[in-house]
1. Could you please find all residues in the stretch 51-83 being surrounded by fewer than 17 Cβ atoms within 10 Å (Cβ to Cβ) and over 22 Å from residue 160 (Cα atoms)?
2. Could you tell me how many of the residues in the stretch 52-85 are more than 28 Å from residue 12 (Cα to Cα) and in contact with a strand residue (DSSP E or B) (Cβ under 8 Å, 6 or more places away or on another chain)?
3. Scan the stretch 84-102 for residues that are farther than 20 Å from residue 42 by Cβ and open to solvent by less than 10 Å² (accessible area, probe 1.4 Å) and jot them down.
4. Across the stretch 38-50, which residue is most open to solvent (accessible area, probe 1.4 Å) among those that are in contact with a strand residue (DSSP E or B) (Cβ under 8 Å, 6 or more places away or on another chain) and of a type in the set (A, V, I, L, M, F, W, C)?
5. Take the residues in the stretch 1-37 that are among the basic types (Lys, Arg), under 20 Å from the mean Cα position of the chain (by Cα) and closer than 29 Å to residue 72 by Cα; name whichever of them is most open to solvent (accessible area, probe 1.4 Å).
6. Return yes when residue 195 is closer than 22 Å to residue 106 by Cα, touching a residue at least 60 places away in the same chain (Cβ under 8 Å) and buried (at least 17 other Cβ atoms within 10 Å of the Cβ) and no when it is not.
7. Scanning the stretch 137-192 for residues that are without any contact (Cβ under 8 Å) to a residue 60 or more places away in the chain and out of contact with any strand residue (DSSP E or B) (no Cβ under 9 Å at 6 or more places or on another chain), which turns out farthest from residue 24 (Cα to Cα)?
8. Looking at (1) within 15 Å of residue 94 (Cα to Cα); (2) part of a loop (DSSP other than H, G, I, E, B); (3) of a type outside the set (Phe, Trp, Tyr); (4) open to solvent by less than 70 Å² (accessible area, probe 1.4 Å), which one does residue 162 not meet, given that it meets all the others?
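The values are calculated or read from the model by the stated rules, or taken from the named source; none is laboratory data. Given the structure is predicted, the values throughout are model-derived calculations rather than measurements. Because the Cβ atoms are built from the backbone with ideal geometry, glycine has one as well, and the counts that use them run over all protein chains shown. Note: accessible area is taken over every heavy atom of the protein model, side chains too, but ligands, DNA and RNA are not part of it. Shrake-Rupley method; radii C 1.70, N 1.55, O 1.52, S 1.80 Å.
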Amino acid sequence: LKSDFERFASAKELDKYKNITLDREILASSEAFSRAAVDPCLTGLAEYYIGKKIVLAALEGRRSERFVTPDYGNQMWHHDAKRKQVKVFILLTEVPPGGQHTDLLPRTHKIWHEFSQYEDSRYTRDEMKEYFTKYGEPIHSVGPAGTVCVFDTNALHRGNRNGPRRDALIFYYTAGRRGTIFPVPKPHPDAVKDYSPRQREIARLR
């Protein structure tokens, strides 16, 4: 996973926020990514949690360098406006305490959020005070390279840009609710030949 990630990331330049985003097309070009996307441990956990058959809804790779910035976008407390969706981070670099981790507020995945537009899914620090009082301290997704972080994106969470470079491979799984899935390319053929019938369904192969 790390060598394929580096191959893709090294061919691109940082954007103005010091990120490199690898789009969904990396699936077709990486046997390792294509196997990880349908890994039985990850997909089995997602399916057990959601309680229905799931599909791969989206994927991306993300390299983030340290970047000093006020709260914006995903650095604000937010939910993903997708209702029940499982997000899987595979950390490809170490994320130390205080580094570029994702904060997650426990038990907030059970909240029914009212929203009609993107801005309604973002919360200011003042708005979060009542949530901290009710739900407590956030969990920090930290660990060595190879750590896997799994959570429901309906929960309140945020990223931050402190600390050294973070490389991560990210998969999203849903039960296929309309409006929550995006086109994904056919996975790498060397991986597909070993897929089970259920893995083919998860990868949305006909």
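1. Of everything in the stretch 51-83, those that are surrounded by fewer than 17 Cβ atoms within 10 Å (Cβ to Cβ) and over 22 Å from residue 160 (Cα atoms) turn out to be 51, 52, 53, 83.
2. Going residue by residue through the stretch 52-85, those that are more than 28 Å from residue 12 (Cα to Cα) are 52-55, 77-79, 81-85.
Narrowing further to those that are in contact with a strand residue (DSSP E or B) (Cβ under 8 Å, 6 or more places away or on another chain): 54-55, 77-79, 82, 84-85.
So the count comes out to 8.
3. As a first pass, look at the stretch 84-102 and keep what is farther than 20 Å from residue 42 by Cβ: 94, 96-100.
Once the filter is applied, which keeps residues that are farther than 20 Å from residue 42 by Cβ and open to solvent by less than 10 Å² (accessible area, probe 1.4 Å), the stretch 84-102 yields 99, 100.
4. Applying the filter and picking the extreme gives 45.
5. We begin by selecting, within the stretch 1-37, every residue among the basic types (Lys, Arg); these are 2, 7, 12, 16, 18, 24, 35.
After this cut, where a residue has to be under 20 Å from the mean Cα position of the chain (by Cα) as well, the list is 2, 18, 24, 35.
Narrowing the set further to residues that are closer than 29 Å to residue 72 by Cα leaves 2, 18, 24.
Values: 2: 126, 18: 92, 24: 87 Å².
Top of the filtered list is 2.
6. Values: closer than 22 Å to residue 106 by Cα: no; touching a residue at least 60 places away in the same chain (Cβ under 8 Å): yes; buried (at least 17 other Cβ atoms within 10 Å of the Cβ): yes.
No; evaluated as a whole, the condition is false for this residue.
7. Looking only at the stretch 137-192, we keep the residues that are without any contact (Cβ under 8 Å) to a residue 60 or more places away in the chain, and these are 137-144, 146-147, 178-179, 189.
Okay, now just the ones that are also out of contact with any strand residue (DSSP E or B) (no Cβ under 9 Å at 6 or more places or on another chain), so 137, 178-179, 189.
Numbers: 137: 34, 178: 19, 179: 17, 189: 16 Å.
Looking at the filtered set, the residue picked out is 137.
8. Of the numbered conditions (1) within 15 Å of residue 94 (Cα to Cα); (2) part of a loop (DSSP other than H, G, I, E, B); (3) of a type outside the set (Phe, Trp, Tyr); (4) open to solvent by less than 70 Å² (accessible area, probe 1.4 Å), the odd one out for residue 162 is (4).
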